[in-house]
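As structure tokens, the structure follows; a few thoughts come after it.
Please treat every number below as a calculation from the coordinates, not as lab data. All values reported here derive from a predicted model rather than from experimental measurement.
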Amino acid sequence: MAYRLIIPPTPEGQDSFVIEVYTGIIKSAIMFRNMRRSYFKFEVIATDDYGKGFSSRGEVVVSVVNALDMQVVVSTVPPHLVEEKKEELIR
């Protein structure tokens, strides 16, 4: 499989998230400052045969929890669960 994100860049022209092409792991590409919690929704395209075969799209919801500049990215987890477990997530 090969993965890619369909996500608009930030106002500064940077990508806010990146995806590892062959693992599908999503990471933040910028430091999200001055926020306690933010949610982002975007699309991921997965293509088999190392990006040359059939493709499928899926929606991803990401919650970024930022406490004291320690950043945790949680994807495909319901927002209420992130809120309930945020103390564990930012350790």
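Points worth noting:
- Extension reserve of the Glu20-Arg4 stretch, reckoned as 0.36 nm per residue once the Cα distance is removed: 5.0 nm
- Between amide H atoms placed 1.01 Å from N, distances below 5 Å from Ser16 occur with Thr10, all of them 5 or more places distant or on a separate chain.
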